[in-house]
Amino acid sequence: MEQEYRRTKTTVSLINYHFVFCPRYRRKVLVNRVEERFRQLVEEICQENHWIILAMEVMPDHCHLFLNALPSDSPSDIMARVKGVTSRRLRQEFKHLSHLPSLWTRSFFVSTAGSVSRETIKHYVESQKKRG
């Protein structure tokens, strides 16, 4: 199933990004309730900003996030919002994370995914889970 182009008053676009980002020192903190809450927060952030999550896989020490965004949203702004909000909220809500000055590293990987189908993305994300 191919994705549909997104339209605004002045643009027609199909921009898909693949992000990979890690907690500081690759700590295995994204487990159990922290993982569940992280997923909820990412979904809320994406909904607020009109980003469409195509696939998300959370491993204990990193996250793969495929999303569709509008041309007005740069990859660095997307990551700043996702990492900033999730870092602050998770450190407030989970005592064992509160000692960290920041949950995430400053770096991230991003790649454009073009018009890759949802099935291809899902297959890739599932294969990453099996490798990790």
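Each value in this text was obtained by applying a stated rule to the coordinates, not by laboratory testing. This structure is a prediction, so every number in the text was calculated from the model and none was measured. Quick reminder, even Gly has a Cβ in these numbers, built from the backbone with ideal geometry, and neighbours come from all protein chains shown.
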P(r) over all Cα-Cα pairs of the stretch 13-54, 10 Å bins from 0 to the longest distance, whole percent per bin, short to long, reads 23, 47, 26, 4
Residues whose built amide H sits under 5 Å from the amide H of Ala113, excluding neighbours closer than 5 in sequence, are Asn16, Tyr17, His18
Residues other than Arg27 with Cβ under 14 Å of its Cβ, Lys/Arg counted +1 and Asp/Glu -1, net out at +2
Measuring from its Cα centre, the chain shows a charge dipole (+1 at each Lys and Arg Cβ, -1 at each Asp and Glu Cβ) which, in debye to the nearest 20, is 580
Ranked by GNM mean-square fluctuation in the chain (Cα springs under 10 Å), the top entry among Phe109, Phe21, Phe38 is Phe109
Once phi for every residue in the stretch 67-73 is put through the Karplus expression 6.51 cos²θ - 1.76 cosθ + 1.60 (θ = phi - 60°), the whole-Hz ³J(HN,Hα) values, with Gly and Pro written as x, are 9, 9, 9, 7, x, 6, 9
In whole Hz, the Karplus estimates of ³J(HN,Hα) for the stretch 84-97 (6.51, -1.76, 1.60; θ = phi - 60°; x where Gly or Pro) are x, 5, 5, 4, 4, 5, 5, 5, 6, 8, 10, 4, 5, 9
Amide H proximity to Thr105 below 5 Å, modelled H, separation 5+ or other chain, gives Cys22, Arg24
Expected vector for the stretch 8-24, Karplus 3J(HN,Hα) from phi with 6.51, -1.76, 1.60 and θ = phi - 60°, integer Hz, x for Gly and Pro, equals 10, 4, 10, 9, 10, 8, 9, 10, 10, 10, 10, 10, 10, 9, 10, x, 4
Counting sequence-distant residues (5 or more places) and residues on other chains, those with an amide H built under 5 Å from that of Ala55 are Phe66
Quick calc, the stretch 16-61, dipole around Cα centre from Cβ unit charges on Lys, Arg (+) and Asp, Glu (-), nearest 20 debye, gives 340
Summing +1 per Lys or Arg and -1 per Asp or Glu among the other residues with Cβ less than 12 Å from Val12's Cβ gives +2
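Quick one: how many lysine pairs does the chain have with C-alpha atoms less than 20 Å apart and a gap of 8 or more or different chains? Give me the count, please. Working shown, then result.
Working: Lys28/Lys83; Lys28/Lys95; Lys28/Lys129; Lys28/Lys130; Lys83/Lys95; Lys122/Lys130.
Lysine pairs meeting the criterion: 6.
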